[in-house]
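The values are calculated or read from the model by the stated rules, or taken from the named source; none is laboratory data. From a predicted model like this one, the values you see are computed outputs, not experimental measurements. Note that we place each Cβ from the backbone using ideal geometry, even for glycine, and neighbour counts take in every protein chain shown.
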């Protein structure tokens, strides 16, 4: 999976940290550190993190079954 | 217009703005051909973690690939820079000699690190800039070997984040900046003073008001020491040159567009302006490279080198690219950025440039948890939060609406509001760093 | 705000009538049409000078506005006894002590932030996630107890006992004491009810409940100091981190009470509202049964569609312009969170329960500084409870619709939920 968090939106509610503790960690008062490439086995946890985020800041590719990876080098 | 006749849309730039622009085009129903050109060999990746978690070794350099949120069905041309633009023929020239015809073009080439002014010294081993994934990978590899001393030239966001990482790694750091405090250009010295305190507390050797004049190499072509104006020298194995960025517009030379190192000038709808000032109906720009009249700041021409603008402007440009010429919506954007350093989350909204005053409106500088608002001619124009992010939306709303400064009184956790000079350094009359001897 | 014990309620205006109808228990089962009418005017001044705010945009803006204070808990005041020593000396002291026990939901920064920080140090990810197996075991036991019956009373059989068991264990409160504190807790949660706040009898009862539960907590805290255990209360009472301020004993007692009361009063409603909604949407119940991975979406949509907390009050510290009105300094402000979560300007087809909606940014747990501390725990409890109920109850259907409701309008939920079943899997 690939994950990106819009840290302009993030306000450090830490709901993702409870949902997926190995992928999201809050440091200090409100610094979010996350794994942008969590393993597929974490799909359930990541889905919970996405849903639980009060500001909907988490975007994921590869959450809903198979979306084909688009990017290939060359043409 | 959902399907343009061949040729289709070409996007130059395969970073955040390019990717989100492509996604927005597909989301809005564009089904025609889509070509994406990127000078780096890597698929789109996220940059903010590079100067933080990648340097710290917490993330592998290739871990930050951006999620692709919409099926793109695009032809990717990665590792191939665009080298020129023929507006008459509507073709883009590529470094490998090919040409790509377009019906609509989105320019999202971003910016590149401002290099050390002397090319030979910039090429010394041990001298780094920090912008792309490869830069971060190379610098991380060196930091992982545990150098004794790292010199950072420039106390902007990247310089401070790198300093924070180095200290976390236990590496001695000297940070040199011509201004009295770090982050002086973006936040002013009043707020920057707090960051200076953070540097000091974490053991960074901060040299305010200092100028690096020369990077000296050894006989093996490795960086050895820096010479400051006034004769002092700083011994270090690594120099990180963090002097900001220049927009990637060089490839547009001769294209007849209003472009320079400060960006590609656009109209309010993100359409590139020709040299005569008329908008090109088929060429749009988004992200770091675009300079446009922002209605939130009375139509002042600005460019915004931040993550949120790349996403939003790309989406906006995509909308206008698919709309009729008489249905072009102006792009209004309240700039925003974040940075984490020394354990503190810094978030800002608005444009502090030109501010004549600043006030702490919540919390306190002493507690290093506060919210500061910047004013210009009696209006609130920007705000910055140190670990107080949840209040920021309220101030963002006030700034967007151009409310008086200071915007909110009678707030919780608000001491008596004192108005200070923000302490922005005068506009640069000379480069922040200068190579006087380069031989 | 005038002392509600003494004040005569002012006559009702048109706007008051609308809000009074929302508070009226007769409309508890379906307040949503009334909430829709409220939204026609996002900010309404009431006869008593308070304001009711109901649209998503206006509430969002106010939840982040630092001029809205949470310090609006009316002071405790014991009624006269006729005994001058008590009335003039002892009770005023007791009142001041009780009033000083303000829980953090009624506090502003910086106090709020440091208190909350101390709570979060105990409410760790490990501790909260560690409840998972225990929650599952409790849910299974409670469902198992219904075996052989053709009728389940959800509140009594599961929605109430589950969160009580969980919060007691987390805090370190002996569960067998539940019979003692149940009535105190229910009584104290009326602090969030606008009607009850105005009612002299209720406020008297609150004083008595507070005295009782505070005595109970003080004794328990002494016990935790004497013999610390691996629970939140022991952690809070024996705070060891010298770099942060520790809690005062007043704050310790009020925090313990808050966590105990909030830890179950709201979760009961969320579980019951959840099952009620699923039983009213059998297709969604079936989908959740077949695919438990839908649970996170179902839960967030429930928090939007049938939230456990319908409104919260705040106090304006300054004049605040919002949605074309100016709320004056000093005014009490009612944020109708449940109306915001059904605002058609924010959510297309807001009255349709649709877990697949793209964007469920609800106020079910509030937003901003006071975002529900217990949200992650509630999500775990509700997910396990709903999924197991869907999977283990055979052909569940509502025996009575609408169900009877508890009196609260702010903390809104069924008093009981009778479900007919064909058995237990």
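Restricted to region B:288-327, and to residues that are in a loop (DSSP other than H, G, I, E, B) and touching a strand residue (DSSP E or B) at 6+ places or on another chain (Cβ under 7 Å), which residue is farthest from residue B:25 (Cα to Cα)?
The first filter runs over region B:288-327 and keeps only residues in a loop (DSSP other than H, G, I, E, B), leaving B:298-299, B:303-306, B:322-324.
Filter again for touching a strand residue (DSSP E or B) at 6+ places or on another chain (Cβ under 7 Å), leaving B:299, B:303, B:305-306.
On the way: B:299: 26, B:303: 22, B:305: 22, B:306: 21 Å.
The residue in question is B:299.
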Open item on the list: For the list (1) out of contact with any helix residue (DSSP H, G or I) (no Cβ under 8 Å at 6 or more places or on another chain); (2) outside any strand (DSSP E or B); (3) at pLDDT 90 or above, I need the number of the one condition that residue B:430 fails.
Closed with: (3)
Open item on the list: Which numbered condition in (1) under 23 Å from residue B:369 (Cβ atoms); (2) away from chain C (no Cβ under 13 Å); (3) surrounded by fewer than 22 Cβ atoms within 10 Å (Cβ to Cβ) is the only one that residue A:41 fails?
Closed with: (1)
Open item on the list: One residue is enough: does region B:335-350 have a residue meeting the conditions more than 12 Å from chain A (Cβ to nearest Cβ), part of a loop (DSSP other than H, G, I, E, B) and surrounded by fewer than 20 Cβ atoms within 10 Å (Cβ to Cβ)?
Closed with: no
- [ ] Please go through region C:25-38 and pick out each residue that is in contact (Cβ under 8 Å) with a residue 40 or more places away in the chain and either surrounded by fewer than 20 Cβ atoms within 10 Å (Cβ to Cβ) or assigned to a loop (DSSP other than H, G, I, E, B) (or both).
- [x] C:25, C:28, C:29, C:30, C:31, C:32, C:36
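If you scan region B:47-58, which residues turn out to be free of Cβ contacts under 8 Å to residues at least 60 places away in the same chain and either under 21 Å from the mean Cα position of the chain (by Cα) or more than 8 Å from chain A (Cβ to nearest Cβ) (or both)?
Going through region B:47-58, the residues free of Cβ contacts under 8 Å to residues at least 60 places away in the same chain turn out to be B:49, B:53, B:58.
Scanning region B:47-58 gives B:49, B:53.
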- [ ] Could you check residue C:185 against (1) touching a helix residue (DSSP H, G or I) at 6+ places or on another chain (Cβ under 6 Å); (2) more than 30 Å from residue C:21 (Cα to Cα); (3) surrounded by 16 or more Cβ atoms within 10 Å (Cβ to Cβ) and say which number it fails?
- [x] (2)
Task: helices (runs of 4 or more DSSP H) within region C:64-164 that include 3 or more residues within 14 Å of chain B (Cβ to nearest Cβ), modelled with pLDDT under 95 and under 24 Å from the mean Cα position of the chain (by Cα) - done: C:111-122
TODO: Considering (1) at pLDDT below 95; (2) in contact with a strand residue (DSSP E or B) (Cβ under 9 Å, 6 or more places away or on another chain); (3) in the same structural domain as residue B:271 (by TED's automatic domain parsing), say which one residue B:4 fails and leave the rest.
DONE: (3)
Open item on the list: residue B:415 - would you say it is under 22 Å from residue B:341 (Cα atoms), outside the structural domain of residue B:186 (by TED's automatic domain parsing), over 28 Å from the mean Cα position of the chain (by Cα) and surrounded by fewer than 22 Cβ atoms within 10 Å (Cβ to Cβ)?
Closed with: no
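Could you identify the single residue in B:117, B:147 that is in contact (Cβ under 8 Å) with a residue 60 or more places away in the chain, under 22 Å from residue B:248 (Cα atoms) and in a loop (DSSP other than H, G, I, E, B)?
Details: B:147 fails: under 22 Å from residue B:248 (Cα atoms).
Going through B:117, B:147 in turn, the sole match is B:117.
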Task: Number of the condition not met by residue B:20 [criteria: (1) surrounded by fewer than 22 Cβ atoms within 10 Å (Cβ to Cβ); (2) within 14 Å of another protein chain (Cβ to nearest Cβ)] - done: (1)
Task: Unique residue being surrounded by 18 or more Cβ atoms within 10 Å (Cβ to Cβ), touching a helix residue (DSSP H, G or I) at 6+ places or on another chain (Cβ under 6 Å) and more than 14 Å from chain B (Cβ to nearest Cβ) when the list is C:350, C:355 - done: C:355
Task: Test set (1) away from chain A (no Cβ under 14 Å); (2) in a loop (DSSP other than H, G, I, E, B); (3) within 20 Å of residue C:289 (Cα to Cα) - residue C:388 fails condition number - done: (2)
Open item on the list: Going residue by residue through region C:173-191, is there one that turns out to be touching a strand residue (DSSP E or B) at 6+ places or on another chain (Cβ under 8 Å) and under 30 Å from residue C:317 (Cα atoms)?
Closed with: yes
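With out of contact with any strand residue (DSSP E or B) (no Cβ under 8 Å at 6 or more places or on another chain) and either assigned by TED's automatic domain parsing to the domain that holds residue B:172 or in contact (Cβ under 8 Å) with a residue 40 or more places away in the chain (or both) as the only criterion, which of B:250, B:221, B:256, B:231 stands out?
Values: B:250 fails: either assigned by TED's automatic domain parsing to the domain that holds residue B:172 or in contact (Cβ under 8 Å) with a residue 40 or more places away in the chain (or both); B:221 fails: out of contact with any strand residue (DSSP E or B) (no Cβ under 8 Å at 6 or more places or on another chain); B:256 fails: out of contact with any strand residue (DSSP E or B) (no Cβ under 8 Å at 6 or more places or on another chain).
Matching residue, one of B:250, B:221, B:256, B:231: B:231.
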Task: Criterion violated by residue A:62 - all others in (1) more than 10 Å from the chain's Cα centre (by Cα); (2) away from chain B (no Cβ under 11 Å); (3) closer than 25 Å to residue C:301 by Cβ satisfied - done: (2)
Open item on the list: With the structure loaded, tell me whether residue B:390 is under 30 Å from residue B:215 (Cα atoms), under 25 Å from the mean Cα position of the chain (by Cα) and either at pLDDT below 95 or assigned by TED's automatic domain parsing to the domain that holds residue B:208 (or both) or whether it fails that test.
Closed with: no
Task: strands (runs of 3 or more DSSP E) within region B:162-254 that include 2 or more residues crowded, with 24+ Cβ neighbours inside 10 Å and out of contact with any helix residue (DSSP H, G or I) (no Cβ under 6 Å at 6 or more places or on another chain) - done: B:172-177, B:238-241
TODO: Answer with yes or no whether residue A:10 is facing another protein chain (nearest Cβ under 8 Å) and either in contact (Cβ under 8 Å) with a residue 40 or more places away in the chain or in contact with a helix residue (DSSP H, G or I) (Cβ under 6 Å, 6 or more places away or on another chain) (or both).
DONE: yes
TODO: Restrict the check to region B:69-85 and report whether at least one residue is away from chain A (no Cβ under 13 Å), under 30 Å from residue A:50 (Cα atoms) and assigned to a loop (DSSP other than H, G, I, E, B).
DONE: no
- [ ] State whether the residues of region B:381-391 include one that is assigned to a loop (DSSP other than H, G, I, E, B), away from chain C (no Cβ under 13 Å) and touching a residue at least 40 places away in the same chain (Cβ under 8 Å).
- [x] no
- [ ] Read through the list (1) surrounded by fewer than 22 Cβ atoms within 10 Å (Cβ to Cβ); (2) in a loop (DSSP other than H, G, I, E, B); (3) facing another protein chain (nearest Cβ under 10 Å), then give the number of the only condition that residue B:14 fails.
- [x] (1)
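Go through region A:22-38 and give me each residue that's assigned to a loop (DSSP other than H, G, I, E, B), within 13 Å of chain C (Cβ to nearest Cβ) and crowded, with 17+ Cβ neighbours inside 10 Å. Working first, answer last.
Just the residues of region A:22-38 that are assigned to a loop (DSSP other than H, G, I, E, B), to begin with: A:22-23, A:28-30, A:35-38.
Filter again for within 13 Å of chain C (Cβ to nearest Cβ), leaving A:22-23, A:28-30.
Matches in region A:22-38: A:23, A:29, A:30.
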Open item on the list: Quick check on residue B:92: is it within 14 Å of chain A (Cβ to nearest Cβ), in contact with a strand residue (DSSP E or B) (Cβ under 8 Å, 6 or more places away or on another chain) and part of a strand (DSSP E or B)?
Closed with: yes
